[in-house]
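The values are calculated or read from the model by the stated rules, or taken from the named source; none is laboratory data. Bear in mind the structure is a predicted one, so any value in this text is a computation, not a measurement. Please note: Cβ atoms are built from the backbone with ideal geometry, for glycine as well, and neighbour counts cover all protein chains shown. Just the protein is used for accessible areas: all its heavy atoms, side chains included, with ligands, DNA and RNA removed. Shrake-Rupley method; radii C 1.70, N 1.55, O 1.52, S 1.80 Å.
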Amino acid sequence: QVQLVESGGGSAQTGGSLRLSCAASGRIYSIHTMGWFRQAPGKEREFVAAISWRGGSTRYADSVKGRFTISRDNAKNTVYLQMNTLKPEDTAVYYCAADQGAPWGRDKAYDYWGQGTQVTVSS
């Protein structure tokens, strides 16, 4: 089992920045990919970004390219999502996910999920 705990959510104004963290514990050695997803009220969960736990390869949704950066600190078993130039449409609950494979943007393929952290961007 892998446990994931997100932190760092909160409120920001348009154009502002926030950094989310996702701390992993448990069977860390089994993780291949970690991802961030988000779900806005009344909308389906959508892919934001993902990173290979060992190699560091990254993938991003088109809507966040150039504004968000995913990174990892293997020593701290933590993945980060740096969010810059925030927009009101970035408002959502953000979830961290982990998997033993490489599902990248396919949310239903991820085995482990955090509890989510709210991000609210005001105009």
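Worth pointing out:
- Test for residue 76: is it closer than 20 Å to residue 33 by Cα, open to solvent by 30 Å² or more (accessible area, probe 1.4 Å), out of contact with any helix residue (DSSP H, G or I) (no Cβ under 7 Å at 6 or more places or on another chain) and not small (Gly, Ala, Ser): yes
- Residue 105 vs. criteria out of contact with any Leu (no Cβ under 7 Å at 6 or more places or on another chain) and in contact (Cβ under 8 Å) with a residue 60 or more places away in the chain: yes
- Number of the condition not met by residue 28 [criteria: (1) out of contact with any Ser or Thr (no Cβ under 9 Å at 6 or more places or on another chain); (2) closer than 15 Å to residue 115 by Cβ]: (2)
- Among residues of region 21-36 that are on the phi > 0 side of the Ramachandran plot, those with a Cβ under 8 angstrom from a residue that is open to solvent by 50 Å² or more (accessible area, probe 1.4 Å), sequence gap 6+ or separate chain, pair up as 26/1; 26/3.
- Residue in region 27-43 that is among the polar types (S, T, N, Q) and either touching a His at 6+ places or on another chain (Cβ under 8 Å) or closer than 12 Å to residue 104 by Cα (or both) present: yes
- The number of residues in region 83-113 being touching a strand residue (DSSP E or B) at 6+ places or on another chain (Cβ under 7 Å), open to solvent by 50 Å² or more (accessible area, probe 1.4 Å), closer than 25 Å to residue 25 by Cα and assigned to a loop (DSSP other than H, G, I, E, B) comes to 1.
- Filtered by the rule that a residue be over 14 Å from residue 21 (Cβ atoms) and of a type in the set (Ser, Thr, Tyr), region 58-92 gives 58, 60, 63, 85, 91.
- Scanning region 1-60 for residues that are farther than 14 Å from residue 72 by Cα, of a type in the set (Lys, Arg) and open to solvent by 70 Å² or more (accessible area, probe 1.4 Å) returns 27, 43, 45.
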